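Any read-out appearing in this document is the output of simple, stated calculations on the displayed coordinates, not a laboratory observation. Being a predicted model, the structure only gives us computed values, none of them experimental. Don't worry about glycine lacking a Cβ; one is built from the backbone with ideal geometry, like all the others, and counts go over all protein chains shown.
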Amino acid sequence: MSSYETLLLERRGRVAFITINRPDKLNALNIKTRAEGAAAFDELREDDSVRVVVITGAGEKAFVAGADIAEFEGRTPVAQRDVMTSRSLFTAVDTFTKPVIAMVNGYCLGGGCELALSCDLRVASETARFGQPEINLGIIPGGGGTQRLTRLVGEGKAMEMILTGDMIDAQTAFRIGLVNLVVPAADLEGKTMEIANRIAEKSPIALRMAKEAVKLASRSNLDEGLRREVDLFALCFSSEDKDEGVRAFLEKRKPEFKGR
Ligand code: COA
């Protein structure tokens, strides 16, 4: 297992747990953290023992409070564009082949909100705060915020968050569909692990196909999405896991999926 300077990576059975570890800077994403985050996802992609990834922030205050603003100062537009167009952490998460859960334990702002938006599920503590405050710095979201947030919560709510830069609380985030679940801070890790472990029992092949199919809904037109859904469904028929799942149902027992 590799070690990283700005993150902690642990395996907890079939669940990998990534903690962004710059609590003194509220886990702001600097270049190093982004690169290490992308490398961690590459590492986990190759590791068949890992079926689900949880990502969170160190400390009790923040998930991620955004891009590291200190790095913005004095940076040329071309250098900034290079940073943003090199393979990003957001893309690494978005294209990851296994389910990723954001465990949002506090401030989830700017690039932090965009990181959570790149994940498949978001579980938040009651104390979490969400926002796209870039407008307050004279800039706009650049890690997918204008696109993924809008697809998730609709144009009206996305506009409101992006144009005002105001933060919303966890219950509001839940109400607009930005998070899947809100739990008391003390239950956050337990509840997130419970969901992660439940998903980790499924067939990794079916999970992969399911992710790909669901993501197509916002990236293709309906006819193409429906056609590709059928192809991905049929592809599941090539797996031993499908035989096991069907047999286990008929034999009235729990399936044991092997990822083959
Ligand atoms: N980039 C760099 N450093 C950041 C940061 C960011 N996005 N967010 C917080 N920090 C740093 C602070 O500079 C401070 O560092 P210091 O102790 O060396 O001065 C430390 O983290 C703690 O933050 P602080 O602002 O003192 O905490 P707070 O409780 O008073 O306020 C926030 C919390 C989240 C409201 C505030 O930190 C904030 O507004 N952060 C920026 C959010 C943002 O605009 N993100 C989008 C960036 S594009």
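Between R45 and K254, the distance separating the two model label sites (each 7 Å from Cα on the Cα→Cβ line) works out to 3.2 nm.
Set the Förster radius R0 to 35 Å, insert the Cβ-Cβ distance between A186 and K215 as r into 1/(1 + (r/R0)^6), and round the FRET efficiency to 0.05. After rounding to 0.05, the efficiency reads 0.60.
Going by a ≥ b ≥ c, the root eigenvalues of the Cα gyration tensor, does segment 44-118 fall in the rounded group (a/c under 1.5), the prolate group (a/b larger than b/c) or the oblate group? Kindly include the intermediate steps, with their values, before the conclusion.
On the way: a/c = 2.88, a/b = 1.36, b/c = 2.11.
Because a/c hits 1.5 or more and a/b fails to exceed b/c, segment 44-118 counts as oblate.
Judged by the gyration tensor of its Cα atoms, with axes a ≥ b ≥ c, the chain is prolate; a/c meets the 1.5 cut and a/b is the larger of a/b and b/c.
Among beta bridges identified by DSSP and lying wholly in the chain, the antiparallel ones come to about 25 percent. FRET efficiency for the pair I69 and L163, taken as 1/(1 + (r/R0)^6) with r the Cβ-Cβ distance and R0 = 22 Å, rounds to 0.65.
Tell me, what is the Rg over Rh of segment 103-200, with Rh the Kirkwood radius over Cα pairs? For segment 103-200, the value is 0.98.
Please get the size of the charge dipole for the chain, origin at its Cα centre, with Cβ charges of +1 on Lys and Arg and -1 on Asp and Glu, quoted in debye to the nearest 20.
Numbers: 36 positive and 38 negative charges, 106 e Å.
With Lys and Arg at +1 and Asp and Glu at -1, about 520 debye.
A Cβ-based charge dipole, computed about the Cα centre of segment 25-85 with Lys and Arg at +1 and Asp and Glu at -1, lands at about 260 debye.
Report the gain in length on full extension from R227 to L137: 0.36 nm times residue separation, minus Cα-Cα distance, nm rounded to one decimal.
Working: separation 90, 0.36 × 90 = 32.40 nm, distance 4.35 nm.
My answer for the length gained is 28.0 nm.
Let a ≥ b ≥ c be the square roots of the eigenvalues of the Cα gyration tensor of segment 131-260; is it rounded (a/c under 1.5), or, if not, prolate (a/b larger than b/c) or oblate?
Oblate is the answer for segment 131-260, as a/c is 1.5 or above yet b/c matches or exceeds a/b.
Taking D24, D68, D120 as the candidate residues, the one with maximal mean-square fluctuation in a Gaussian network model of the chain, Cα springs under 10 Å, is D24.
What order do you get for 230-236, 141-147 when each peptide is scored by the mean count of other beta carbon atoms within 10 Å, highest first? Write out the running numbers ahead of the final one.
Values: 230-236: 13.3, 141-147: 20.1.
Top to bottom by mean Cβ count within 10 Å: 141-147, 230-236.
Net charge around S218, counting only other residues with Cβ within less than 10 Å of its Cβ (Lys, Arg = +1; Asp, Glu = -1)?
Numbers: positive: R148, R151, K215, R219; negative: none.
Result for the neighbourhood of S218: +4.
Under a Cβ-Cβ cut-off of 14 Å, what is the net charge of the residues other than E10 that fall near it, where Lys and Arg count +1 and Asp and Glu count -1? In short, 0.
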